[in-house]
Amino acid sequence: MSKRCLAVAFVAAATVLTAALPANAAPAQPLKLRNGLTLYIPIQWEVHRFGADVVQVVTGKCGKPKGWGTPECDAFYVLGPSYIRRGAEGFGPYTGKRPYYPASDVQPCPVNKKWGEIIGPKVTRGLRQVGAGHKAAYNAWKSECVSFSGSTTKVRARFTQREWHLPQSKILVVDQWNTPGLSDALKYADWK
């Protein structure tokens, strides 16, 4: 094969590889999860496991990761069966009809623990690719952080809670920080 043919083949292969990778591709670490799911996440992200059903991936500033609902911790969560079972205000399973909210009281706001969070209404619903051959039920919920003073509430911040639910694999990914690159990490995941 001539050098020219090799050069053309190399350019074609590089074009195919570049097209298959997300635009923000960078050095990555594999994050192995339940049922063979592997995400490829930036090496700067820190992975913390809290038992078999909670993985907290810190993607920015965080004082002390402590699992689901750590306020003021830029992170997303990968939750398993025990958390999914109580995801409807602690009384029933998460189904996607309502936001993931595993407690019946007011939870602290993700951005400031002195405020409470109000999650909903839903703004986006559909299916999202999670690796080849798997689609997650996707929900995004417009949410607010509020302060309470007597009988009045004041909106202090807004965020969107994004959820990817894979019911057969018993996996729920919850993100309250609009984590850049998370959608791509899920889309280009592997199942082994």
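The values are calculated or read from the model by the stated rules, or taken from the named source; none is laboratory data. All figures in this text were calculated on a predicted structure; none of them were measured in a lab. Glycine also receives a Cβ, built like all others from the backbone with ideal geometry; neighbour counts cover every protein chain displayed. When the accessible area is computed, the model is the full protein with side chains, heavy atoms only, and any ligands, DNA or RNA have been set aside. Shrake-Rupley method; radii C 1.70, N 1.55, O 1.52, S 1.80 Å.
For this structure, a couple of remarks:
- Principal-axis tilt of helix 3-20 within the chain, Cα atoms, nearest 10 degrees: 10
- A cut-off under 9 angstrom between Cβ atoms defines the neighbours of ARG128, and their net charge, with Lys, Arg +1 and Asp, Glu -1, is +2.
- A simple spin-label model places the labels of ARG125 and ARG98 1.5 nm from each other, with each point 7 Å out along Cα-to-Cβ.
- Carbon plus sulfur fraction of accessible area for the chain, probe 1.4 Å, in percent: 56
- In summary, the convex hull built on the alpha carbon positions of region 26-173 has an orientation-averaged projected area of 9.5 nm².
- Computed about its Cα centre, the charge dipole of the chain is approximately 240 debye, with only Lys, Arg, Asp and Glu carrying charge at their Cβ.
- Taking a point 7 Å out from the Cα of LYS64 in the direction of its Cβ, the residues of region 91-123 whose backbone N falls within less than 20 Å of it are 108-115.
- Site-free segments of the chain were taken between chymotrypsin sites (Phe, Trp or Tyr not before Pro) in DSSP loops having at most 16 other Cβ atoms within 10 Å, sites themselves excluded; the longest one is 92-192.
- Think of the chain as a dipole: +1 on every Lys or Arg Cβ, -1 on every Asp or Glu Cβ, centred on the Cα centre; then among PRO108, VAL155, TYR77, TYR77 lies furthest on the positive end.
- For region 49-101 and region 130-191, distance of Cα centres in Å: 10
- Mean ellipticity per residue at 222 nm, deg cm²/dmol - from DSSP H runs of n ≥ 4 across the chain, formula -39500 (n - 2.57): -4500 deg cm²/dmol
- Annotation: per residue accessible area for the chain equals 57 Å², rounded to a whole number [probe 1.4 Å, protein chains only].
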